[in-house]
């Protein structure tokens, strides 16, 4: 070892002053991080969530005021296609939508229909679709609310052995209100 070099005095091992030039890494990380500890803003995070749950993997069928289009799974055992067909859904033929020949089923039960992976494109008349949605998303929930309201009224009218009312329940007066059903899309 040379007399000029003392242990630990090698210039290559000295800390560089580069942090003074480029800034501290902790400060840089902090400036990229939101207050809640993430590197995304709230708006960016919400936009990401919306895009993840959007069904943009499947092609968007054309808008037709007379028909409601939807993609149905051939592998869903709880909502099989034959039950949808019993309700009035019809498979869409590739001849009905120009430019969709790349989605044509070549053989089998749905030959000539539109498919993407295991999903088949179906349609139902718009008026029938609105009736089905009204039943499942308006009428039935109102029926359930009526049952809840009746049960709540029964519990309120219960009395103890001295004839005093038991329990007090608030908020049930607005249940099962008859409002105009919404338009479903």
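The values are calculated or read from the model by the stated rules, or taken from the named source; none is laboratory data. None of the values given here were measured: they were computed from a predicted structure. Glycine gets a Cβ as well: all are built from the backbone with ideal geometry, and neighbour counts include every protein chain shown.
Please find, within the stretch 80-113, the residue that is nearest to residue 57 (Cα to Cα) out of those that are assigned to a strand (DSSP E or B) and free of Cβ contacts under 8 Å to residues at least 24 places away in the same chain.
104
Would you mind stating whether residue 185 is within 32 Å of the chain's Cα centre (by Cα) and either assigned to a loop (DSSP other than H, G, I, E, B) or modelled with pLDDT under 85 (or both)?
Details: within 32 Å of the chain's Cα centre (by Cα): yes; either assigned to a loop (DSSP other than H, G, I, E, B) or modelled with pLDDT under 85 (or both): yes.
Yes.
Being farther than 30 Å from residue 123 by Cα, modelled with pLDDT of 75 or more and surrounded by 10 or more Cβ atoms within 10 Å (Cβ to Cβ): is that true of residue 41 here?
Taking the combined requirement at face value, the residue satisfies it.
I'd like to check something: does the stretch 144-164 contain any residue that is in a strand (DSSP E or B) and surrounded by fewer than 14 Cβ atoms within 10 Å (Cβ to Cβ)?
Yes.
Tell me which of these residue 50 doesn't satisfy, since it passes every other one: (1) surrounded by fewer than 14 Cβ atoms within 10 Å (Cβ to Cβ); (2) under 16 Å from residue 113 (Cβ atoms); (3) under 20 Å from the mean Cα position of the chain (by Cα).
Single failed check for residue 50: (2).
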